[in-house]
Amino acid sequence: MLTVTDVSLRYGDRKLFEDVNIKFTPGNCYGLIGANGAGKSTFLKIISGEIESQSGSVHLGPGERLAVLKQNHFEFEEEEVLKVVIMGHARLYQVMQEKDAIYMKADFTDEDGMKAAELEGEFAELNGWEAESEAAILLKGLGIEEDLHTKKMADITGGEKVKVLLAQALFGKPDVLLLDEPTNHLDIKAIQWLEEFLINFENTVIVVSHDRYFLNKVCTHIADLDFGKIQIYVGNYDFWYESSQLASRMAQDQNKKKEEKIKELQAFIARFSANASKSKQATSRKKLLDKIELDDIRPSSRKYPYVGFTPEREIGNDLLRVEGLTKTIDGVKVLDNINFVMNKDDKIALVGANELAKTTLFKILMGEMEPDSGTFKWGVTTSQAYFPKDNSEYFENSDLNLVDWLRQYSPNDQSESFLRGFLGRMLFSGEEVLKKSSVLSGGEKVRCMLSKMMLSGSNVLLLDEPTNHLDLESITALNNGLINFKGSMIFASHDHQFIQTIANRIMELTPSGLVDKQVTYDEYLENTELQKQIASMY
């Protein structure tokens, strides 16, 4: 068991958290959530011992081992891939090194023999004989094939390094597993494998992630970092979100009878009780949920931006026709004879492993890049707003403050008070609107780009990875805004819940052409997996 007692940390006058007391118990997966800058990653570093808190202590049970997902992808450049995974169990790797060093001695003494025997015993206790096979299974599950296992880390790609370090953290069944953004840079197949691994993991997991679907799938509890405290909630992210929204509504309307709110609470507890992440824990989780009382839930201090796209003109039936689009970049054909017609009310999710292909299609459709061959034509009733994956050119060398930056894209030369109010809804308040646009963070730039799109009044949206750099609150607000959008759109995203809740059509760019289905994302994935299973039978 991992126990955190009276842990506090301040940076100058800024309090990250104070007097945190938690017991993290085996068999549970805790999703650590909080606003950007709240101290989630810092809290994980305190637990791992990487940094010290100013007060309090962190205790592991006797003989227990803690593993951490490392963030430095270049730490092991000269080491072999398989060896790097085994390094995740520091003591086992140390025993292996000491054992090998003794056996390589030219003058092997009786004392060496006794030491080797001790090490062999410990090696067996630590399951050393299964180490290489376990490491290989983890690597293969994450998509690192056997021919890469003996290569040096310096010789594999950045995405492959991410997977190796994740396998390193998972290796050897640690008693406590700390994962900071484990799904970053993972493909869909690797994420699905990781979800199943954590669902079946029997020890303690604490995970930080901006992927709501992932948190919903694997978490049995949410550890909410808010008000300088960490509050534990039974249930997944959706349950926490519903709880906090209910508490906020209660706080805003004190005149409603408490009994009505209790009934509302009981209703959604009943709904979530039947949706356990781990089937074997469903019964115990339901009992815990049933014990929750109204006073156990409190509103969050976190703010959600307002994201709403209102088309100025109703869209016609003739939106977009694409015929034979082909494009080669640096000798590689990224688009090959792409054909499709976009219809009214289409919300198209553009998926596929080739990121460059998706971005290239967006750029061609927005006139930023010429195709090698083929044509496309927008309907006369359409107006387009574009969110590029790389927005740097909009902010480079800009001395404009946020009001003047946004004024550039205001179609009706809106007043300063209007623009300030608009920026305020996007969480730029007070003097923040006078900040230079060139010094914004990644998340702030995304909110500015979304503001630009909202002001345009366009009836067709093109969005290339809009959730990158956003916190959970902004992702949720954008997600809801796009669900409510009355126009049509094409978007690319790696966020499962984002795609599932918005898209009614899936287009996958594959090496063999375009796969186009009028289905939800979950239906598409199920159908794709079924086709693979059928193909494997022949």
message: So for segment 433-440 (the condition being modelled with pLDDT of 95 or more, surrounded by 19 or more Cβ atoms within 10 Å (Cβ to Cβ) and assigned by the TED database to the domain that holds A349), does at least one residue qualify?
response: no
query: Are any of the residues in segment 20-36 buried (at least 16 other Cβ atoms within 10 Å of the Cβ), at pLDDT below 90, assigned to a loop (DSSP other than H, G, I, E, B) and touching a strand residue (DSSP E or B) at 6+ places or on another chain (Cβ under 7 Å)?
result: yes
- request: Working only within segment 1-19, note down all residues that are out of contact with any strand residue (DSSP E or B) (no Cβ under 7 Å at 6 or more places or on another chain) and in contact (Cβ under 8 Å) with a residue 12 or more places away in the chain.
  value: K15
message: From the list L126, L165, L139, exactly one residue is touching a His at 6+ places or on another chain (Cβ under 8 Å) and open to solvent by 30 Å² or more (accessible area, probe 1.4 Å). Which is it?
response: L126
The listed residue being farther than 24 Å from A477 by Cβ and either surrounded by 12 or more Cβ atoms within 10 Å (Cβ to Cβ) or aromatic (F, W, Y) (or both), out of N391, N339, N412: N339
- line: Quick count over segment 434-488, residues being closer than 26 Å to I364 by Cβ, aliphatic (A, V, I, L, M) and free of Cβ contacts under 8 Å to residues at least 60 places away in the same chain, is 2
task: Looking only at segment 107-148, count how many residues are without any contact (Cβ under 8 Å) to a residue 24 or more places away in the chain and not in a helix (DSSP H, G or I).
output: 4
- request: For A106, work out the one condition from (1) under 26 Å from R65 (Cβ atoms); (2) open to solvent by 50 Å² or more (accessible area, probe 1.4 Å) it doesn't fulfil.
  value: (1)
- prompt: Taking H494, is it assigned to a loop (DSSP other than H, G, I, E, B), in contact with an Asp or Glu (Cβ under 9 Å, 6 or more places away or on another chain) and surrounded by fewer than 19 Cβ atoms within 10 Å (Cβ to Cβ)?
  reply: no
- prompt: Among the residues of segment 150-165, how many are in a loop (DSSP other than H, G, I, E, B) and either under 22 Å from A353 (Cβ atoms) or not assigned by the TED database to the domain that holds K70 (or both)?
  reply: 3
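This table checks each residue for (1) open to solvent by less than 10 Å² (accessible area, probe 1.4 Å); (2) in contact with an Asp or Glu (Cβ under 6 Å, 6 or more places away or on another chain); (3) assigned to a loop (DSSP other than H, G, I, E, B).
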| site | (1), (2), (3) |
| --- | --- |
| G424 | no, no, no |
| V446 | yes, no, no |
| N480 | no, no, no |
| K486 | no, no, yes |
| T501 | no, no, no |
field: Residues of segment 181-204 satisfying the condition of being outside any helix (DSSP H, G or I), surrounded by 21 or more Cβ atoms within 10 Å (Cβ to Cβ) and under 16 Å from the mean Cα position of the chain (by Cα)
entry: P182, T183, L186
query: If S8 satisfies every condition in (1) modelled with pLDDT of 90 or more; (2) outside any strand (DSSP E or B) but one, which is the exception?
result: (2)
- request: Kindly establish whether G367 is touching a residue at least 60 places away in the same chain (Cβ under 8 Å) and assigned to a loop (DSSP other than H, G, I, E, B).
  value: no
task: Mind counting the residues in segment 39-79 that are over 17 Å from V162 (Cβ atoms) and in contact (Cβ under 8 Å) with a residue 60 or more places away in the chain?
output: 12
Selection status of N36, farther than 20 Å from G172 by Cβ and in contact (Cβ under 8 Å) with a residue 24 or more places away in the chain: yes
field: Candidates E323, E355 - the one that is within 12 Å of E508 (Cα to Cα) and among the acidic types (D, E)
entry: E355
message: If I ask for residues that are surrounded by fewer than 20 Cβ atoms within 10 Å (Cβ to Cβ), under 22 Å from L2 (Cα atoms) and touching a helix residue (DSSP H, G or I) at 6+ places or on another chain (Cβ under 6 Å), which ones from segment 59-82 would you list?
response: K70
statement: If we ask which residues in segment 518-527 are in contact with a Lys or Arg (Cβ under 7 Å, 6 or more places away or on another chain) and not in a loop (DSSP other than H, G, I, E, B), their number turns out to be 1
- request: Specify the residue that is farthest from H494 (Cα to Cα); the eligible residues are those in segment 304-355 that are in a loop (DSSP other than H, G, I, E, B) and small (G, A, S).
  value: G316
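The values are calculated or read from the model by the stated rules, or taken from the named source; none is laboratory data. Just so you know, these numbers come straight off a predicted model, no measurement behind them. Every residue, glycine as well, gets a Cβ built from its backbone with ideal geometry; the counts of neighbours run over all protein chains shown. Keep in mind that these areas ignore ligands, DNA and RNA; they rest on the heavy atoms of the full protein, side chains included. Shrake-Rupley method; radii C 1.70, N 1.55, O 1.52, S 1.80 Å.
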